[in-house]
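Undergrad: Sharing a structure with you now.
The values are calculated or read from the model by the stated rules, or taken from the named source; none is laboratory data. Because the structure is predicted, anything quoted here is derived from the model rather than measured. Here the Cβ is made from the backbone with ideal geometry for all residues, glycine too, and neighbour counts use every protein chain on show.
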Amino acid sequence: MTRVVLVHGIAQQLNGPETIAEAWLPCLNDGLALSGVGTLPRDDISVAFYGDLFRRPGHRGLGEPPLDASDVEPGLEHELLLSWWEAAAAADTRVPGPDATGRLRTPRVVQRALNALSHSAFFAGLAESAMIGSARQVRSYFTEPEVRRAAGERLARSVTGETVVIVAHSLGSVVAYETLCAHPQWQDLTLITLGSPLAVRGLVFDRLRPAPHGGTARWPVPLKRWINIADHGDAVALIKELAPSFGTRIQDQTVNNGAHAHDVRPYLTARETGLALAKALGRAVRS
């Protein structure tokens, strides 16, 4: 019985639905516990997994082929990296901004962005190749119709007559929004978005389907409730409030995820997420 559908974000191509479910379920239950309600059994959740759509084919050698600054494509990949850089620098004093000078300055602006992002809370510890790969997945979703279609189909197959809530992280919130808009026959669902980039103009918002009109995006017909949760330091969720772009019925909330602003785990363990999930499931919460 799938009551809760989970939609992951970027950089999950080497995982799978069971791996993600195993990682997310304890975190969800920790958030529910902070709300004073019982836990979810494994049978109550399913994962709309689409990460394999971004997995590269095999090649000679170990691991995935590395990417460097020269592999960043102009347009969306380039602009995403620069926007993440600006947001990370604004939120974290350890991250040199685009106007910073000194030893991190290089002739290539993309290389400067990658160097700076390596000091940020979200990208710390990630190789350049992984950062570029994250931007590339967003670009692939918006520019490769077969990827976009397949991701939406994965989510549509996961939603059943028993589903009451969709929990979507990062790029998964884009998949969730577009799929909900494409299925107006679904009814009475709750959407919980975590670290969502949906309202980022130019990069995400203006590329949505259906296309926004007059600066406002369409409200998905199946939704009776939409709770959006973002950390102030989340460089991927550049615009923390979705209500101005998607309608005042959205409940925008902020959380503090500590050093890992975009990591899904602290989003899931937050009491705010637990409260939203508990209410969607019709459970009484502790005041």
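Undergrad: Go through the residues of segment 68-76 one by one and say whether even a single one is closer than 25 Å to Asp52 by Cα and either at pLDDT 95 or above or within 16 Å of the chain's Cα centre (by Cα) (or both). Explain how you work it out, then say what you get.
TA: Restricting attention to segment 68-76, the residues satisfying the condition of being closer than 25 Å to Asp52 by Cα are 68-76.
In the following step, the residues that additionally are either at pLDDT 95 or above or within 16 Å of the chain's Cα centre (by Cα) (or both) were identified as none.
No; the residues of segment 68-76 include none that is closer than 25 Å to Asp52 by Cα and either at pLDDT 95 or above or within 16 Å of the chain's Cα centre (by Cα) (or both).
Undergrad: What is the one condition in (1) modelled with pLDDT of 95 or more; (2) not in a helix (DSSP H, G or I) that Ala11 does not satisfy?
TA: (1)
Undergrad: Provide a single number: the residues in segment 230-252 that are charged (D, E, K, R) and in contact with an Asp or Glu (Cβ under 6 Å, 6 or more places away or on another chain). Write out each step before concluding.
TA: Initially, segment 230-252 is screened for residues charged (D, E, K, R), giving 231, 234, 240-241, 249, 252.
Keeping just the survivors that are in contact with an Asp or Glu (Cβ under 6 Å, 6 or more places away or on another chain) gives 241, 252.
Final tally of qualifying residues: 2.
Undergrad: Give me the pairs, please: first residue somewhere in segment 5-28 and surrounded by fewer than 19 Cβ atoms within 10 Å (Cβ to Cβ), second residue anywhere and part of a strand (DSSP E or B) and among the basic types (Lys, Arg), beta-carbon distance under 8 Å, and either six or more positions apart or on two chains.
TA: Listed pairs, sorted by first residue: none to list.
Undergrad: Being out of contact with any helix residue (DSSP H, G or I) (no Cβ under 9 Å at 6 or more places or on another chain) and of a type outside the set (Asp, Glu), is that true of even one residue in segment 191-208?
TA: no
Undergrad: Name the one entry in Ala113, Ala124, Ala87 that is under 20 Å from Leu238 (Cα atoms), modelled with pLDDT under 70 and under 23 Å from the mean Cα position of the chain (by Cα).
TA: Numbers: Ala113 fails: modelled with pLDDT under 70; Ala87 fails: modelled with pLDDT under 70.
None of the other options fit; the residue is Ala124.
Undergrad: Oh, and also: Looking only at residues that are modelled with pLDDT of 95 or more and loosely packed, with under 14 Cβ neighbours inside 10 Å in segment 222-247, which one is nearest to Met131 (Cα to Cα)?
TA: Residue satisfying both the conditions and the ranking: Pro244.
Undergrad: Something else now. Going by the structure shown, is Leu189 of a type in the set (A, V, I, L, M, F, W, C) and at pLDDT 95 or above? Full working, then the answer.
TA: Values: of a type in the set (A, V, I, L, M, F, W, C): yes; at pLDDT 95 or above: yes.
The answer is yes for Leu189.
Undergrad: Moving on to the next point. Just to verify a result, which residue in segment 130-187, among those that are among the aromatic types (Phe, Trp, Tyr) and within 14 Å of the chain's Cα centre (by Cα), is nearest to Gly75 (Cα to Cα)?
TA: Residues of segment 130-187 that are among the aromatic types (Phe, Trp, Tyr), as a first pass: 141-142, 177, 186.
Checking which are within 14 Å of the chain's Cα centre (by Cα) leaves us with 141, 177.
Working: Tyr141: 14, Tyr177: 23 Å.
Per the criteria, the residue is Tyr141.
Undergrad: Can you list the strands (runs of 3 or more DSSP E) found entirely within segment 131-245 that contain at least 2 residues being under 23 Å from Lys279 (Cα atoms) and of a type in the set (D, E, K, R)? Don't jump to the end; show me each part of the working.
TA: Details: elements: 165-169, 189-194, 223-231.
Ranges flagged: 223-231.
Undergrad: Can you name the number of the only condition in (1) modelled with pLDDT under 95; (2) buried (at least 19 other Cβ atoms within 10 Å of the Cβ); (3) among the polar types (S, T, N, Q) that Ser46 fails?
TA: Tallying (1) modelled with pLDDT under 95; (2) buried (at least 19 other Cβ atoms within 10 Å of the Cβ); (3) among the polar types (S, T, N, Q), Ser46 fails exactly one: (1).
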